[in-house]
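Read the structure below first, then the notes.
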Amino acid sequence: MADQSALVDEYFESALSLVKTCGNLIKDHITGCKDFVLKSCDIDLVTEIDKKVEETLVGGLSKLYADHKFIGEEAVSDGAKCELTDAPTWVIDPVDGTMNFVHGFPHSCISLGLLINKEAVAGIVYNPILEQLFTAKKGKGAFYNGRQIHVSQIKELSKALIMTEAGTSRDPERQKVLFENFKMIITKAHGIRTLGSAALNMCMVALGGADLNFEFGIHAWDIAAGDIIVREAGGVCIDPAGGPFDVLSRRVLCASTEELAQEMAKNLCQFYPERD
Ligand code: LIP
């Protein structure tokens, strides 16, 4: 275990340096009009910056660690397989919150999770526009700009601030579930917040600023880093129906406490997207 911890420290530092470099790319292009291409529908966008950031991260890490594997949003979008093995695997969203980036709404981030033997061992979520850096390593706590952070102690839905997203899908079935859940939250919880980035939503839970985040339809690259950051901040990450979290299921629920997570799971109208 000590060997793995030292290795993870090295991998983390290499990744953090590359993330900071790529952060400048996002920061330098946040204002002004941006060209984009449509992916799965008219609200699922990708820009040249998304691609450039992913190429830089994958190129830099594979040069350092030839045996490491990658699951990158844009590579998968271009046809690469989304395959998680026991090898050290970097799960990358180069610009999480691409719609925000296109509009110049300053809540976009680079999300980078590292899994070894299919277990998250490190996570980095970096919003370079607002200089927000969330990090975690297995067993070593979660940090916001170098300060250790902890989830809230909220155990009841009636006292919780809930984060979720409308998502980038026009699927009528999924929208029906969305409206049902919005209605339930507005009726039962303290309030609802949406930042436009799953990774940043999860980090708000880790920070203790929100108490729960859930979403259906996201992908592994949106949530791999947020999962370990929330858990290292003392929170929980489960399947939205109450079972164990599965990074490839395209479903996530993270919360400050198990009690709140399970109460929400009982109240949610469920949606089951096709897996990654
Ligand atoms: C986004 C997620 C967000 C989700 C959007 C989109 P992207 O990631 O962070 O939570 O609601 O549909 O998937 O596409 O900006 O990397």
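The values are calculated or read from the model by the stated rules, or taken from the named source; none is laboratory data. Just so we're clear, the structure is a prediction, and the values are computed from it rather than from any experiment. Glycine also receives a Cβ, built like all others from the backbone with ideal geometry; neighbour counts cover every protein chain displayed.
Assorted remarks:
- Qualifying positions in region 117-134 - in a strand (DSSP E or B) and over 13 Å from residue 15 (Cβ atoms): 119, 120, 127, 132, 134
- Set side by side, the residues 171, 227 differ, and just one is modelled with pLDDT under 95 and either surrounded by fewer than 23 Cβ atoms within 10 Å (Cβ to Cβ) or within 16 Å of the ligand (Cβ to nearest atom) (or both), which is 171.
- Picking from residues in region 49-95 that are touching an Asp or Glu at 6+ places or on another chain (Cβ under 6 Å), within 17 Å of residue 218 (Cα to Cα) and in a helix (DSSP H, G or I), the one that is farthest from the ligand (Cβ to nearest atom) is 74.
- From the options 182, 214, residue that is aromatic (Phe, Trp, Tyr) and crowded, with 21+ Cβ neighbours inside 10 Å: 214
- Residues in region 156-167 that are crowded, with 17+ Cβ neighbours inside 10 Å and in a loop (DSSP other than H, G, I, E, B): 160, 164, 165, 167.
- When residues in region 136-155 are screened for being in contact with a Gly (Cβ under 7 Å, 6 or more places away or on another chain) and part of a strand (DSSP E or B), 3 of them pass.
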